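Input: a single structure, listed below in structure tokens.
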Amino acid sequence: MKRLGFKLFLEQELTGYIITSFLYLEDKNFVFEEFYSKLNDRGQVIYAGKLSEHDCFRIGTLGRIDKSDVELC
């Protein structure tokens with residue numbers, strides 16, 4: 001996710017192993033609803049949510065996820 005430009009909500013040492021929160025991309029072309037929908041179409045479910053005052057989403061990493069699972073075509 002970092003290589004795709006996403007930043008962690010928490011510092012790496014505070015991040016859990018099962019659920020990871022990421023901030024929305026700081027890119028005018030990033031539309032969360034499209035991102036969510038495209039991942040959902042590929043069988044991947046992420047958890048939308050606003051934590052405190054930051055727009056972010058959570059990914060549960062239960063199982064093996066590779067680059068092709070998160071790259072959008």
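Below, the figures for the structure above:
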{"item": "Chain lengthening between residue 25 and residue 71 when straightened (0.36 nm per residue, less Cα-Cα)", "result": "15.2 nm"}
{"item": "Under 19 Å from residue 67, Cα to Cα: aspartates and glutamates that are on another chain or at least 8 residues apart", "result": "34, 41"}
{"item": "Loop-resident sites, the stretch 30-68, for trypsin sites (Lys or Arg not before Pro), counting at most 16 other Cβ within 10 Å (DSSP)", "result": "42, 64"}
{"item": "For the chain, calculated [θ]222 nm from helices alone, where every DSSP H run of n ≥ 4 adds -39500 (n - 2.57)", "result": "-5000 deg cm²/dmol"}
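None of the figures in this text is laboratory data; all of them are computed from the coordinates on show. Since the model is a prediction, treat every value here as computed from it, not as a measurement. Neighbour counts are summed over all protein chains in view; Cβ atoms, including those assigned to glycine, are modelled from backbone coordinates with ideal geometry.
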